[in-house]
Amino acid sequence: MTTKNQPTETKGLNGASIALARGGIHSPQTTLNGEVHNWYRLRFGYPDHLVAELLDEFKIQAGESLLDPFCGSGTSLVECMKKGIHSVGVDANPSSFFAATVKTSWFLRPETIMGLVDEVESSLPRYSSRLSSLRADPTYLYLKAAGMIDRGWINPGPLRQAIALKQCISGLQTSKPHKRALLLALIAEVVDGASNIKFGPELYCGPRRKQCNVLAGFIDRVATMALDLSIVRNIKPHGAAEVIVGDSRTYDFVPSNYKGRFSAVICSPPYPAEHDYTRNARLELAFLEAVTDRDTLREIKKTMIRSHTKGIYKGDRDAAFVAGNKTIQRLTKQLETISSKKKYGFARLYPRVFQEYFGGMKRHLVNVKKFLRADSRCAYVVGDQASYLGVHIPTAKILVELAEQAGFNVLGIRKWRTRWASVTARPMDENIVLLQKRN
């Protein structure tokens, strides 16, 4: 196995000979075993080594099953596969579901993927020349209508290259899983290599890129995929993984035969912050054609834990699940007092967002318990917040109170790290809430 800094030339992949550099144009590896993880990463995901440490601590053995109810791009699932542990991941965001699905598709053949890259490179000029087709593409139409092109999310030149690549991939005569892998590589290149977006921590548009070769970046990422697949296919036996798109508050979509199946839960749910998780994935959703207008975006948001003012709807009723919690009611009154003095309208939504968030988490805890084995252990990585009018929200402490009410024993709250909150200009703790299902 090569290290992240050692270039390797891989030959014989359907005639391709490509210099592979672990890292290449990507950011340096920050993972314990970086294979597969860096195909696509969420800005708010946790590192693989944290998952590996928790799996060891919980003594989860090969052949057992883990549930990640907020799986993001599949970090927990990939680590479970490497350890021979079966896993199921759930996420409401279609772009996360897509990424996690591709990253757990270890049956993909590296030779096939590299052969498809040759086909893409040779046929791309034909797609690039069809300007009318590019401007009629659903991705282009949404980005244009939403004002994202005018606001500088991505320049017209790189966008045309990326859409031509998308159409080229769609036209390949190959299986859907192989097309999905190529599309994930393209999306990762669009976000990290071709667009102007930055994260700090909220998404914003940085300086416009003067030059951008989307094809070259795409080829580099596919080559990394092929190399990683050639490595992980030798892990035997590896765990089976399944990814489900759905609302982790209800679990109506999970098959009934999953009840009592899981030995552990490891996850990081959304934090109670004024943060729109669909905004950070908007380019991804556009290229997947999962969002084509406001209505399709709204339907996705409705399946998510409420955490921000742009994600609150008239029919939301999760707050009723925490009406009797004294800590939540005390903080709600504090938020109401402060928000009543604010002139901007969305400030008055903060008390409701706060209650809806924890009400949604209470619903999740009540419903997830039925799928856990007796004495199964759970780890929830959460962060304290002060995004709602500067009021300190002790997320871990409140989650512990709700978990006890939902039928869990609390094993403790462990500080994971401290981060600097730029909005409030003060440090905030991120903790691991450790729970055990009560018999």
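Of all lysines in the structure, the ones whose alpha carbon falls short of 18 Å from that of Lys83, not counting any fewer than 8 places away in one chain, are Lys59, Lys103, Lys236. What you get for the stretch 99-146, charging only the Cβ of Lys and Arg (+1) and of Asp and Glu (-1), is a dipole of about 280 debye around the Cα centre.
From Cα pairs below 8 angstrom and at least 6 apart in sequence, can you work out the relative contact order of the chain, rounded to a whole percent?
On the way: 774 pairs, mean separation 71.5, N = 439.
After rounding, I find 16 percent.
Treating each Cα of the stretch 34-79 as an identical point scatterer and summing with the Debye formula, the log10 of I(q)/I(0) at q = 0.17, 0.22, 0.23 Å⁻¹ comes to -0.49, -0.80, -0.86. A Cβ-based charge dipole, computed about the Cα centre of the stretch 235-336 with Lys and Arg at +1 and Asp and Glu at -1, lands at about 420 debye. Per residue of the chain, the DSSP helices (runs of n ≥ 4 H) give a summed -39500 (n - 2.57) that works out to -12000 deg cm²/dmol at 222 nm.
Residue order for Met361, Met81, fewest other beta carbons within 10 angstrom first, comes to Met81, Met361.
Which chymotrypsin sites (Phe, Trp or Tyr not before Pro) in the stretch 295-390 pass both tests, a DSSP loop state and at most 12 other beta-carbon atoms within 10 Å?
Values: sites: Tyr313, Phe321, Tyr344, Phe346, Phe354, Tyr357, Phe358, Phe371, Tyr380, Tyr388; in loops: Tyr313, Tyr344, Tyr388.
When the chymotrypsin sites (Phe, Trp or Tyr not before Pro) of the stretch 295-390 are filtered for loop state and at most 12 Cβ neighbours within 10 Å, Tyr313, Tyr344 remain.
Once you have the Kirkwood Rh of the stretch 319-439 from its Cα pairs, apply Stokes-Einstein at 25 °C and 0.890 mPa s and quote D in µm²/s. Estimated diffusion coefficient is 160 µm²/s.
Of the two radii for the chain, the radius of gyration is 0.97 times the Kirkwood radius, both from the alpha carbons; that is the Rg over Rh value.
The alpha-carbon of Lys397 sits under 16 angstrom from the alpha-carbons of these lysines, leaving out residues fewer than 8 places away in its chain: Lys326, Lys362, Lys415. For a straight C-alpha distance cut-off of 15 angstrom, the aspartates and glutamates reachable from Lys179 (same-chain residues fewer than eight places away being disregarded) are Glu111, Asp118, Glu119, Glu121, Glu289. As a rough footprinting exposure proxy, the listed residues Ser105, Ser263, Ser133, Ser73 were ranked by other beta carbons within 10 Å of their own, and the order from fewest upward is Ser133, Ser105, Ser263, Ser73.
Summary value for the stretch 32-189: 20 percent relative contact order, contacts being C-alpha pairs under 8 angstrom separated by 6+ residues.
Using the reciprocal of the averaged 1/r over all distinct C-alpha pairs, how large is the Kirkwood radius of the stretch 177-262 in Å? Intermediate values should be presented prior to the final figure.
Details: mean 1/r = 0.0599 Å⁻¹.
Roughly 16.7 Å, rounded to one decimal.
When each of Ser340, Ser128, Ser65 is scored by the number of other beta-carbon atoms lying within 10 Å, the sequence from fewest to most is Ser340, Ser128, Ser65. Note on the stretch 95-239: with charges restricted to the Cβ of Lys and Arg (+1) and Asp and Glu (-1), its dipole about the Cα centre is near 260 debye. For the stretch 187-331, the convex hull drawn through the C-alpha positions has a volume of 195 cubic angstrom per residue. If you take the Cα centroid of the stretch 33-65 and the Cα centroid of the stretch 353-416, the two points sit 21 Å apart.
Volume per residue, Å³, of the convex hull around the alpha-carbon atoms of the stretch 69-163?
Values: hull volume 12.3 nm³, N = 95.
So the per-residue hull volume is 130 Å³.
Read-outs throughout are calculated quantities, based only on the coordinates presented, and are distinct from any laboratory measurement. Nothing here was measured: the structure is a model prediction, and the numbers come from that model. Glycine also receives a Cβ, built like all others from the backbone with ideal geometry; neighbour counts cover every protein chain displayed.
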